[in-house]
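**Q** I have a structure I would like to understand better, so I am pasting it below and will then ask my questions one at a time.
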């Protein structure tokens, strides 16, 4: 279907691909992995013709339809969400909007003299639209938008009023509705909640077309992909399996390569000793020359590249009292919409509450009230004795000074710490080498999140409140954060759409909104997130496993 051979691509001194080969076959679901800057987005851009290889061949059949979901969304305004979603859905979307335009033209008195031509064109478009199943398009669009978290009121509202995150969902709906032969998806789960992620998993698995995607969600990759393509060191290496299989197989290949490297090094050392020992012996001259030539022809095995892991011993937080936070009769409404009514709960030392609930159930609102960033309309939120709280939300990124470098920010926050300790902390959160000299204004969303978490965990509080802490983090950093928080000797209250994070850390579950998503009465589960899934039969409210 789509194939690369002997592919070469570089930007200035940065070499992305060297003699690389890759093939995407019909119906394959492929996950694209590799370190930041390896060339994943460049590969997408070459497939859609926005970039060209420096050398080699790229084969994309002319009649192949390609849908590309990317992180940069263009302008959206002047249409309803529904119309905007339909607008980009390929040939059907074009016909849909041409029909609308022709209907307006037929009722325009100023164009009465064109009526015969307009009617003839309307008939042609209507026939083509009907033949392609266009009259089911609106129903399909609503189904996709519902799956991505939109309610009917929002679907019919002006797309221009949406936030950037919701516009990303509209852009995704447009691509999905096109049902292309090949779907390219760059981080599709970044702006989705867990309910929408689970819906998207099922939708992508059901697509007959091929899929090539990147994602920082391990569970999502495992459930959707049947093949992994790793980009690293200029090469594209395929693995026939999901992400877990890729990790296991990669570890085996690394181990085998290390063993082969050790054997080759031992052989080379032995041959080199012979050459050095007998270089001056005339009787051995022919053997020496033969071995020198043989060594020159041997293809040297290189050690596999390993991502450097910097260990950082996070300090043990001070001990809090047994009662960390007590909520009594807490109520909160936004206009007529009541999100909390008489909520009561006690958070005890050592508990790790994960808060579940559909969009609008009040998850972030609850965290803000416990953190003291928002006052309840009624009731009280009281922190217990000796509680030191740390609150992470996306707004925490605004507290970083954009004019400072990473190292300068840490030095300003922790003037008593040595440069070595701060660099070690930065390294643990994947800021190594020249990364510490980057200006904060130039950091990506993921890099800012890593820096904000590093600031919080150097001198950790004993009560962590985390609102989507894994947003924009790559898989490697997520796993590092999970391991760090597993050893956290304190209390946690958090919201996350990452199921690996939920499974690893949640030992209590608070479900808001209930099965309907609108139930004001909360449900408190005393067991872990894994127990919650087993007991309720769903991974998130309203989504059945």
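**Q** Considering only DSSP beta bridges where both residues belong to the stretch 135-268, give the percentage that are antiparallel (nearest 5).
**A** Restricted to the stretch 135-268, the bridges split so that about 50 percent are antiparallel.
**Q** Still on this structure: Okay, which of the stretch 37-79 sit inside 11 Å, backbone N to the point 7 Å along the Cα-Cβ direction of residue 5?
**A** So the set is 57-59.
**Q** For labels at residue 114 and residue 71 in the simple 7 Å Cα→Cβ model, what's the distance in nm?
**A** It is 4.3 nm.
**Q** Rounded to whole Å and sorted largest first, what semi-axes of the equivalent ellipsoid does the C-alpha gyration tensor of the chain yield via the square root of 5 times each eigenvalue?
**A** Whole-Å semi-axes of the equivalent ellipsoid: 46, 40, 20.
**Q** Counting other C-beta atoms within 10 Å, which of 200, 43 has the fewest, and how do the rest follow?
**A** Least to most surrounded, the residues fall as 200, 43.
**Q** Quick one: grab the alpha carbon gyration tensor of the stretch 6-105, order the square roots of its eigenvalues as a ≥ b ≥ c, and give me rounded if a/c is under 1.5, else prolate or oblate depending on whether a/b is larger than b/c.
**A** prolate
**Q** Mind giving me the FRET efficiency for residue 299 and residue 274? R0 is 22 Å, r the Cβ-Cβ distance, nearest 0.05 is fine.
**A** The calculated FRET efficiency here is 0.60.
**Q** Quick one: if the Förster radius is 30 Å, what FRET efficiency do residue 441 and residue 328 give, using the C-beta to C-beta distance and rounding to 0.05?
**A** So the FRET efficiency works out to roughly 0.10.
**Q** With all distinct Cα pairs included, what does the Kirkwood hydrodynamic radius of the stretch 79-160 come out to in Å, to one decimal, could you say?
**A** When all Cα pairs of the stretch 79-160 are included, the Kirkwood radius is 13.8 Å.
**Q** For the stretch 1-63, what Kirkwood radius comes out of the mean inverse Cα-Cα distance, in Å?
**A** 12.3
**Q** At 0.36 nm per residue, and after removing the present C-alpha to C-alpha distance, how many nm does the segment from residue 21 to residue 64 gain when stretched out fully?
**A** Extending this stretch completely gives an extra 13.5 nm.
**Q** Let me ask you something else. Taking just the alpha-carbon atoms of the stretch 234-330, what radius of gyration and Dmax come out, in angstrom?
**A** 27.4, 98
**Q** Still on this structure: Among DSSP beta bridges whose residues both lie in the chain, state the antiparallel percentage, nearest 5.
**A** In the chain, DSSP labels about 55 percent of beta bridges as antiparallel.
**Q** Calculate for the chain the 222 nm mean residue ellipticity that helices alone would give, adding -39,500 (n - 2.57) per DSSP H run of length 4 or more and normalising by residue count, nearest 500 deg cm²/dmol.
**A** Dividing the helical sum by the residues of the chain leaves -12000 deg cm²/dmol.
**Q** Return the FRET efficiency for the residue pair residue 359, residue 459: r is the Cβ-Cβ distance, R0 is 35 Å, and the value is rounded to the nearest 0.05.
**A** Computed FRET efficiency for residue 359 and residue 459: 0.55.
**Q** Pulled fully out, how much extra length does the chain show between residue 235 and residue 121, if you take 0.36 nm times their separation in residues and subtract their Cα-Cα distance?
**A** 36.0 nm
**Q** So for the stretch 79-160, averaging the separation of alpha carbon pairs under 8 Å that are six or more residues apart and normalising by length, what relative contact order in percent results?
**A** Once normalised by length, the contact order is 48 percent.
**Q** Going by how many other Cβ atoms sit within 10 Å of their own, how do 305, 297, 29 line up, fewest first?
**A** 297, 305, 29
**Q** Take 243, 135 and order them by how many other Cβ atoms sit within 10 Å, fewest up front.
**A** Fewest-to-most Cβ neighbours within 10 Å comes out as 135, 243.
**Q** Roughly speaking, what is the centre-to-centre gap between the stretch 109-136 and the stretch 170-195 when only Cα atoms are used, to the nearest Å?
**A** Computed from Cα coordinates, the inter-centre distance equals 31 Å.
**Q** Next up: For the stretch 268-379, just say rounded, prolate or oblate: build the C-alpha gyration tensor, square-root its eigenvalues into a ≥ b ≥ c, call rounded for a/c under 1.5, and beyond that prolate if a/b exceeds b/c, oblate if not.
**A** Prolate.
**Q** Moving on. Output the direction-averaged projected area (hull surface divided by four) of the convex hull of the alpha-carbon atoms of the stretch 170-308, in nm².
**A** It is 12.0 nm².
**Q** For the residue pair residue 36 and residue 382, what label-to-label distance in nm results when each label sits 7 Å from Cα along the Cα-to-beta-carbon direction?
**A** Spacing of the two 7 Å Cα→Cβ label points: 4.4 nm.
**Q** Right, next: Stretch residue 524-residue 424 to full length: gain in nm at 0.36 nm per residue minus the Cα-Cα span?
**A** Answer, rounded to one decimal: 32.1 nm.
**Q** For the stretch 255-297, what are the per-bin percents of Cα-Cα distances with bins 5 Å wide, up to the bin holding the maximum?
**A** Result, from short to long distances: 5, 24, 24, 20, 12, 8, 5, 2, 0 percent.
**Q** Additional query: Would you mind calculating the relative contact order of the stretch 177-290 from Cα pairs under 8 angstrom and at least 6 residues apart, reporting the percent as a whole number?
**A** 17
**Q** Moving on to the next point. Would you mind pulling out the separation of the Cα centroids of the stretch 385-418 and the stretch 60-88, in Å?
**A** Result: 39 Å between the Cα centres.
Read-outs throughout are calculated quantities, based only on the coordinates presented, and are distinct from any laboratory measurement. If you're wondering where the values come from, they're calculated on a predicted model, not measured in any experiment. Here the Cβ is made from the backbone with ideal geometry for all residues, glycine too, and neighbour counts use every protein chain on show.
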